[in-house]
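One structure below.
Quick note: the coordinates plus some simple rules give every number you see, no bench work behind them. Just so we're clear, the structure is a prediction, and the values are computed from it rather than from any experiment. Cβ placement follows ideal geometry from the backbone for every residue including glycine, while neighbour counts extend to all protein chains displayed.
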Amino acid sequence: MRSLQDTTTLHNGVKMPWFGLGVYKVQEGEEALQSVKAAIKAGYRSIDTAALYQNEESVGRAIKESGVPREELFITTKVWNTDQRNDSVLEAFETSLQKLGLDYVDLYLVHWPVKEKYKQTWKILEKIYKEGRARAIGVSNFTIHHLEDLIADAEIKPMVNQVELHPLFAQPELRDYCKKQEIQIEAWAPLGQGRLLDHPVLKEIADAHNKTIAQVILRWDLQNEIVTIPKSVKESRIIENANIFDFELTERDMEKINSLNENKRFGPDPDNFDF
Ligand code: NAD
C-alpha cells in the first residue's frame, strides 16, 4: 500500500480503494459538496454515503464537478432500514441512483441486519448486482451469526462487511471470519468518532513517527488490511488523514495498538437496535 489510490481486490475481482471519505452527518448542500470535492482534489477516489445521510445529491454534484472520470471513482451507498421493512429496497436503490446522478454504484450495502428482512433484502441486491447496476454488493453491521445465516441461503456472497472498528473495538474474531470467507472488512468510525484522538499510547506512537494520532490509527487499519473511511469536513484534516503513505508502523507499534482492544463499541449493537 503505497498510495491513496491503492486498491484491494474484492472476491468478484472488483478493485476497491483501501482508503476513502465517509460523509455521515455531513450536511447536504455546501458542506457535502465542498468536502467531497476537497477529498477528490486531495487524491481520494472512494466516497462512502448512504440514503440515511441525506447528502447523496451533493455527493453526486461533487463527483460531476470534480473533473475526475466516473470510472476512476468508487461510490458506496446503502439501503436504509425502513426500506427493508417496507419492502421498498428496489425503489430505494433507484432513488439513490437518481440523487447521485449515476447509472451505477460501485458498492451497495445493506445498512443494518434488520431481523426477518435482511435475507429478502439481499435477494434484491443480488438482482441489482446481476443487472450491473452495482459493481459489488455487501452488508454493514453484520456479526458472524448474521453472515452465517445470510451466506447459507445466498447465491452471491457479500463482498464487503462495513462495521464499527477502531483500536478500542478491534473485532478480531469477525475480521478472521471475514478473511476466511473472502469478505473485505471495512471500518466505520475508524477514529472512534473523534474519541480516540487523545489516547496516551497512540500519542506516544504518533510522536515517535512525527505523525498525528489520526494518522497512526488509519495506518494501523491499512497495515491490518482493513478498508478505512474517516470522515472530516475540514480540508486540512481531509489532507492530513490521507497523508499516511510515507511511514510504516513497526511490529511493536502494531502490537501495542492491538493490545488496546477493549471490545468497546461506541455505536449501536447489531443484535439490539431500535431503528
Ligand atoms: P470517524 O471515526 O471517521 O470520526 C470522524 C470525526 O473525527 C470527525 O467528525 C471529526 O470530528 C474527527 N476527525 C476526523 N479527522 C480528524 C483529524 N485529523 N484530527 C482531529 N479530528 C478529526 O467517525 P464516522 O464519521 O462516524 O465514521 C466514518 C464513516 O463511516 C462515516 O462518515 C460513514 O461514512 C461511515 N459510517 C457508517 C456507519 C454504518 O452503520 N455503516 C455508521 C457510522 C459511520
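About the Cα centre of the chain, how large is the charge dipole given +1 on each Lys and Arg Cβ and -1 on each Asp and Glu Cβ? Please answer in debye to the nearest 20.
Values: 35 positive and 44 negative charges, 66 e Å.
So the magnitude is around 320 debye.
Using helices alone, what [θ] at 222 nm do you get for the chain, with -39,500 (n - 2.57) per DSSP H run of 4 or more residues, divided over all residues and rounded to the nearest 500? Provide the component values of the computation, followed by the final result.
On the way: 11 runs with 109 residues, N = 275.
Helices in the chain give a 222 nm mean residue ellipticity of -11500 deg cm²/dmol.
As an exercise, use a Förster radius of 35 Å and the Cβ-Cβ distance of residue 130 and residue 197 to find the FRET efficiency, rounded to the nearest 0.05. The partial results should precede the final answer.
Working: r = 43 Å, r/R0 = 1.22.
In this case the efficiency is close to 0.25.
Evaluated over the Cα positions of the range 99-188, the convex hull gives a direction-averaged projected area, one quarter of its surface, of 6.2 nm².
Within the range 1-76, the trypsin sites (Lys or Arg not before Pro) that combine a DSSP coil assignment with at most 16 other C-beta atoms in a 10 angstrom radius are 2, 25. With 0.36 nm allotted per residue and the present C-alpha distance subtracted, the residue 12-residue 239 stretch has 78.6 nm of extension available.
Each of residue 91 and residue 123 was given a label point 7 Å from its Cα along the Cα-to-Cβ line. The distance between the two points is 1.8 nm. Relative contact order of the range 1-71, taken over Cα pairs closer than 8 Å and 6 or more residues apart, is 31 percent. Bridgeable aspartates and glutamates around residue 179 (alpha carbons under 20 Å apart, same-chain partners fewer than 8 residues away excluded): 6, 148, 149, 153, 155, 164, 221, 225, 255.
Karplus-based coupling profile of the range 116-121, in residue order and whole Hz: 6, 10, 5, 6, 5, 4, with θ = phi - 60° in 6.51 cos²θ - 1.76 cosθ + 1.60 and x standing for Gly or Pro. Is the shape of the chain rounded, prolate or oblate, going by the alpha carbon gyration tensor and its root eigenvalues a ≥ b ≥ c, with a/c under 1.5 for rounded and a/b larger than b/c for prolate? Oblate is the answer for the chain, as a/c is 1.5 or above yet b/c matches or exceeds a/b. Residue order for 143, 49, fewest other beta carbons within 10 angstrom first, comes to 143, 49. Shape descriptor for the range 18-89: Rg over Rh equals 1.01 (Cα atoms; Rh from the Kirkwood inverse mean 1/r). On the basis of the beta-carbon distance and an R0 of 30 Å, residue 275 and residue 204 show a calculated FRET efficiency of 0.20.
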